[in-house]
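Quick notes on the structure that follows.
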Amino acid sequence: MCDCAGLPSSDLVASVRETPQSVNAVGPGYEVKGYEKLAYSYSFVDDIFDVAKDDLSSYFQKWKRCLAIMDETVYGHYGQKTKAYFAAHGIDVTIHVFKGGELNKTMTTMLDFVDAMDRYGLIRKEPVLVVGGGLASDVVGYACASYRRSSNFIRVSTTLIGLIDAAVSIKVGLNHGKLKNRLGAYHAPMHTFLDFDFLKTLPVEQVRNGFAEIVKISHVAHKPTWDRLVKYGPELVETRFGRTSTGDRAVELRQVASVICRDAIKVMLDLESPNLHEIGLDRVIASGHTWSPTLELTPTVPLRHGHAIMIDMSFSITLAHSRGYITERERDEFFDLQSQVGLSMDHEDFDAKLLLKATDAILKTRDGKQRFAVPKPLGTCFFINDASDEELTSALATHKAHIRERYPHMVNGVGKSAFVDAGDLGHDPAELVKKAMNGKSKPLNASDSMRSKIKAIDNVSHAQSVVVA
Ligand SMILES: NC(=O)c1ccc[n+]([C@@H]2O[C@H](COP(=O)([O-])OP(=O)(O)OC[C@H]3O[C@@H](n4cnc5c(N)ncnc54)[C@H](O)[C@@H]3O)[C@@H](O)[C@H]2O)c1
Ligand SMILES: [Zn+2]
């Protein structure tokens, strides 16, 4: 049961002091200093919509009603279950369904949520429920941050990225034009439910995306988790972290998955909670996120986030190895794991030009320092600040040659289903290719054009199978 009957009132402690009069002022000024407690919580509950469980419903008993928001895909899988759950608990649920996808992570979608909250007559302090991946919780969270300047929400995470990455943070927001997550706020939910049973219906490509984030945190911050990934990684991805496996193996896999995810979440919370507003810029969790923001959107059909950050991390591994920070065995252990789970380690657009351009771009957000988070050794983090352009481009050449030679089955180091599909985009990716080929976007070279066409066809058939399902 939640302790939400009496929601906490603000415990802001503030002091006001008079400041000396400045030359042009007509009298002394004032300075206000204050501190407010921040508290939010998590619980791990499997099958959260099991009618026998009141963990979620208890947050809505006071209101006897609930406004839930979810995207079309999540609604397709869990809409009826959500209705049955709340009905069994005597709570009247209204579900607002929206079209997901990164192209719909917009102010328009956010304002649509605001309208839904208004129509519903949301009472101050009454929480909104968001059921979905990182995208849904980002946009609903931002709507709640803005609605009446601050409203409550409860988060139920349904993707691996949502469970082990977005859930750890209190960042909410949306894209503006071509700028990813450009508008946003820091707004904590009242509570986050982490239910890994949702992975049962999650496409394997999305599981791989989340896996990349667990690789990220473990290889620079938690060796025991890294070792477990090496041992169980490919099986975990295929079985949705044990949630779809049966028989003797199921128990072991679910147990190990649970340890991996709990530890990854705890490590991220420990690292990020003292730096919630990201004032400190030496961030271990920024590993894999140095060159990837530029690379991710460069191909005509963008790379999936997990693949883009894995290319970034893989290059960092080569860089760390060339400096003697990790051994050859550690380097190959890292690469072998990614090759087995189907994550990308290189891409033809990741060339010297992009590398240096992306390095320049990241310096602007890191206060002029490189702060490349690399392992030294695996399981610990070191921030590189003195890499020259020559060192970076030479390491890139070494990286490309090594990946080509050791993993000849991967074309240019690209993994499985590396490009976004209609579900990720909220739009048919084939349209992007068509647009590019009509000269409305950047000109394409032959291989780019061919590759994108092939990917677009793959993606369209995947999207159709999702719709049919
Ligand atoms: N706030 C943060 O700190 C933070 C951290 C990481 C990512 N993010 C944001 O999160 C988004 C990426 O998150 P995501 O990968 O969860 O994307 P997402 O929410 O778009 O979900 C990915 C796809 O999976 C589908 N889906 C969700 N749950 C499902 C389930 N249980 N079964 C079947 N299909 C399901 C969705 O409909 C969607 O098509 C990005 O917009 C990113 O910016 C935010
Ligand atoms: Zn990420």
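When we screen A308, A320, A361 for residues that are modelled with pLDDT under 95 and of a type outside the set (D, E), the only hit is A361. Out of (1) outside the structural domain of A212 (by TED's automatic domain parsing); (2) at pLDDT 95 or above, what's the single condition that is false for D349? D349 satisfies all of (1) outside the structural domain of A212 (by TED's automatic domain parsing); (2) at pLDDT 95 or above except (1).
To keep it simple, each residue is scored yes or no on (1) touching a residue at least 12 places away in the same chain (Cβ under 8 Å); (2) surrounded by fewer than 13 Cβ atoms within 10 Å (Cβ to Cβ); (3) farther than 30 Å from K266 by Cα.
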| position | (1), (2), (3) |
| --- | --- |
| N24 | no, yes, yes |
| S57 | yes, no, no |
| K62 | yes, no, yes |
| V97 | yes, no, yes |
| G100 | yes, no, no |
| T106 | yes, no, yes |
| D112 | yes, no, yes |
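Of the residues making up the stretch 252-280, just one is free of Cβ contacts under 8 Å to residues at least 24 places away in the same chain and within 11 Å of T225 (Cβ to Cβ), namely K266.
Number of residues in the stretch 180-202 that are farther than 18 Å from I164 by Cα and of a type in the set (G, A, S) equals 2. Reported count of residues in the stretch 148-174, each being within 15 Å of ligand 2 (Cβ to nearest atom), over 19 Å from Y59 (Cα atoms) and either surrounded by fewer than 22 Cβ atoms within 10 Å (Cβ to Cβ) or of a type in the set (G, A, S) (or both), is 5.
Residues in the stretch 1-48 that are among the β-branched types (V, I, T), touching a strand residue (DSSP E or B) at 6+ places or on another chain (Cβ under 8 Å) and either modelled with pLDDT of 95 or more or within 30 Å of F60 (Cβ to Cβ) (or both): V16, T19, V32, V45, I48. Selection over the stretch 237-258 of residues that are out of contact with any Phe, Trp or Tyr (no Cβ under 8 Å at 6 or more places or on another chain) and part of a helix (DSSP H, G or I) gives a count of 7. Only a single item in (1) within 16 Å of ligand 2 (Cβ to nearest atom); (2) outside the structural domain of S344 (by TED's automatic domain parsing) is not met by E213, and it is number (2). Within the stretch 244-259, how many residues are modelled with pLDDT under 95 and among the aliphatic types (A, V, I, L, M)? Of the residues in that region, 2 qualify.
Scan the strands (runs of 3 or more DSSP E) fully inside the stretch 139-236 and keep the ones with 3 or more residues being within 13 Å of the chain's Cα centre (by Cα) and within 11 Å of ligand 1 (Cβ to nearest atom).
Working: elements: 153-157, 171-176, 179-186, 191-194.
Hits in the stretch 139-236: 171-176.
Total residues in the stretch 294-329 satisfying the condition of being closer than 30 Å to M437 by Cα and among the charged types (D, E, K, R): the figure is 3. The helices (runs of 4 or more DSSP H) falling completely within the stretch 289-365 that include 1 or more residues that are over 19 Å from P234 (Cβ atoms), away from ligand 2 (no atom under 16 Å from the Cβ) and more than 24 Å from the chain's Cα centre (by Cα) map to 305-322, 328-341, 352-365. Here K364, K357 are screened, and the one residue that is of a type in the set (K, R), in contact with a helix residue (DSSP H, G or I) (Cβ under 7 Å, 6 or more places away or on another chain) and over 18 Å from N412 (Cβ atoms) is K357.
Restricting attention to the stretch 64-80, the residues that are surrounded by 15 or more Cβ atoms within 10 Å (Cβ to Cβ) and farther than 24 Å from V114 by Cβ total 2. Check whether at least one residue in the stretch 244-261 is over 20 Å from the mean Cα position of the chain (by Cα), surrounded by fewer than 22 Cβ atoms within 10 Å (Cβ to Cβ), on the phi > 0 side of the Ramachandran plot and in the same structural domain as F372 (by TED's automatic domain parsing), and report yes or no. The answer is yes, given that some residue of the stretch 244-261 is over 20 Å from the mean Cα position of the chain (by Cα), surrounded by fewer than 22 Cβ atoms within 10 Å (Cβ to Cβ), on the phi > 0 side of the Ramachandran plot and in the same structural domain as F372 (by TED's automatic domain parsing). Scan the stretch 254-267 and give yes if some residue there is within 19 Å of F382 (Cα to Cα) and of a type in the set (S, T, N, Q), otherwise no. No, every residue in the stretch 254-267 fails to be within 19 Å of F382 (Cα to Cα) and of a type in the set (S, T, N, Q).
When Y142 is tested against (1) more than 30 Å from V251 (Cα to Cα); (2) surrounded by fewer than 23 Cβ atoms within 10 Å (Cβ to Cβ), exactly one condition is not met: (2).
The values are calculated or read from the model by the stated rules, or taken from the named source; none is laboratory data. The structure displayed is predicted, hence computed values, not measured ones. Every residue, glycine as well, gets a Cβ built from its backbone with ideal geometry; the counts of neighbours run over all protein chains shown.
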